[in-house]
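Visitor: Below are the C-alpha cells for one structure; questions will follow.
The values are calculated or read from the model by the stated rules, or taken from the named source; none is laboratory data. This is a predicted model, so every value here is computed, not measured. When we count neighbours, we look across all protein chains shown, and the Cβ atoms used for this are built from the backbone with ideal geometry, even at glycine.
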Amino acid sequence: MKRTIGIDYGAKRCGLARTDALGLMAHYLEPCATAELLDRLDALALETPFDRLVLGLPQRFDLRPTHSTEAVLTLAQQLRERYPEAEVVLWDERLTSKLARQVLHASGLPRRRRERKDEINSVSATLILQNYLDSRS
C-alpha cells in the first residue's frame, strides 16, 4: 500500500512524516536539509512508494501569506512536476510549530534536543499530516 508523506518546509531544513501501512497514523521521520529534500523524497519513494504529499502551507491568522508562503507554493509546483503520480495537498500549518514545541516539552526529551529546530520541524510535519488524516475520517 502506498503511503502519504507530510512535509513542514523551512528555508534551511524540512520536517518529514509518513503514514503507517494502513494510512491512519502519522509517524515522525528524520528531518533533512531543504537542499536535500527532493533527494530524500526520491529515497523514500524507493523504500516505500507514496501517492500523496501533504505540504504545510504557512499563512497568518488572517490568511495572508507569510514570508515563506511563496517558497512553499514553488515547492508544491516542483513536487507536482517531479512526482506526477502523487497528489500534492497544501494544508494549513498555523500553530503547528507552537504545538510541536509543547509536544517535545511533554515528551521528556533533554532540553537541548527538544529545542532543536529540526526536531520541531519533523514534529510539525507529523502534526500537519495527522491533522490532514483526521480530517478525512
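Visitor: Name the residues in the stretch 1-44 that are among the acidic types (Asp, Glu) and either surrounded by fewer than 21 Cβ atoms within 10 Å (Cβ to Cβ) or over 12 Å from the mean Cα position of the chain (by Cα) (or both), would you?
Guide: 20, 30, 36, 39, 42
Visitor: Take the stretch 60-97 and flag every residue that is in contact (Cβ under 8 Å) with a residue 60 or more places away in the chain and either farther than 24 Å from residue 133 by Cβ or assigned to a loop (DSSP other than H, G, I, E, B) (or both).
Guide: Hits for the stretch 60-97 are 71, 93.
Visitor: Then there is this: Given the conditions (1) outside any loop (DSSP other than H, G, I, E, B); (2) at pLDDT below 90; (3) under 14 Å from the mean Cα position of the chain (by Cα), and given that residue 101 satisfies all but one, which numbered condition is not satisfied?
Guide: Just one mismatch for residue 101, condition (3).
Visitor: Do the conditions hold for residue 62, that is, is it over 17 Å from residue 125 (Cβ atoms) and surrounded by 14 or more Cβ atoms within 10 Å (Cβ to Cβ)? Show your work before the answer.
Guide: Values: over 17 Å from residue 125 (Cβ atoms): yes; surrounded by 14 or more Cβ atoms within 10 Å (Cβ to Cβ): no.
The answer is no for residue 62.
Visitor: Out of all the residues in the stretch 1-54, which are of a type in the set (S, T, N, Q) and either in contact with a helix residue (DSSP H, G or I) (Cβ under 8 Å, 6 or more places away or on another chain) or in a helix (DSSP H, G or I) (or both)?
Guide: We begin by selecting, within the stretch 1-54, every residue of a type in the set (S, T, N, Q); these are 4, 19, 34, 48.
Scanning the stretch 1-54 gives 4, 19, 34.
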